[in-house]
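Undergrad: Dropping the structure in here first, questions after.
No value in this document is a laboratory result; all are computed from the given coordinates. From a predicted model like this one, the values you see are computed outputs, not experimental measurements. Here Cβ is always computed from backbone atoms with ideal geometry, including for glycine, and neighbour counts include all displayed protein chains.
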Amino acid sequence: MSDLPLQTLSVDLDERAYLFPETRCLAQLKFSAKEHRYIQIDLLFSHNESRLPPSSLTLLYTDAKELCLRLVDAVYFAKTSNAITDTMHISITVAANGYILAVEDEAVEKRLYLSTGVIWRVCNALCKIVDIQSPVGSN
């Protein structure tokens, strides 16, 4: 089996999207439904003078589904939330100007800052890509 994406969705971000510790402004998030039931999120930089390799996160389908719920809860209730499973540790912090997603990735914490202007587009794209990966019910 190939590892090509089954489908890809992109979310354009505004000038208030950042990724740390890379210290980069982000231009876009690209969500890809991959074979073997996982979802990849590519974080595309708006500038990259230091020529860092692209940054991405890979989530299992079940983890991405849990993240959808926790992210929508955090946005609706304007309340900090956590998405924690055996393979994923993500905290979602509500801030005055947006949301901060702290992702533990290979013992390094990545912090993704997103403004209130884009958070619903991110929620919608994540939920849609999870739906693409959902098992098809039998007749």
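Undergrad: When the scattering of segment 13-139 is computed by the Debye formula from its Cα atoms alone, each counted once and equally, what is log10 I(q)/I(0) at q = 0.18, 0.22 Å⁻¹?
TA: Ignoring solvent entirely, the Cα scatterers give -0.99, -1.47.
Undergrad: Please arrange 105, 86 by how many other C-beta atoms lie within 10 Å of their C-beta, fewest to most.
TA: Fewest to most other Cβ atoms nearby, the residues stand as 86, 105.
Undergrad: Can you tell me the length gained on complete extension of the stretch residue 8 to residue 96, counting 0.36 nm per residue apart and subtracting the Cα distance?
TA: 28.6 nm
Undergrad: Would you pull out the residues with amide H under 5 Å of residue 26's amide H, same chain only if 5 or more places away, H placed 1.01 Å from N?
TA: Close amide H contacts, sequence-distant or interchain: 17, 18, 19, 46.
Undergrad: What size of dipole, in debye to the nearest 20, comes out for the chain about its Cα centre when the only charges are +1 on Lys and Arg C-beta atoms and -1 on Asp and Glu C-beta atoms?
TA: Magnitude of the dipole: close to 280 debye.
Undergrad: Further, regarding this structure: For residue 15 and residue 109, what does the FRET efficiency come to when R0 = 22 Å and r is the distance between their Cβ atoms, rounded to the nearest 0.05?
TA: Result of the calculation: an efficiency of 0.40.
Undergrad: Just need the relative contact order of segment 5-133 here, percent rounded to a whole number, with Cα pairs under 8 Å and 6+ apart.
TA: Dividing the mean separation by the residue count of segment 5-133 yields 25 percent.
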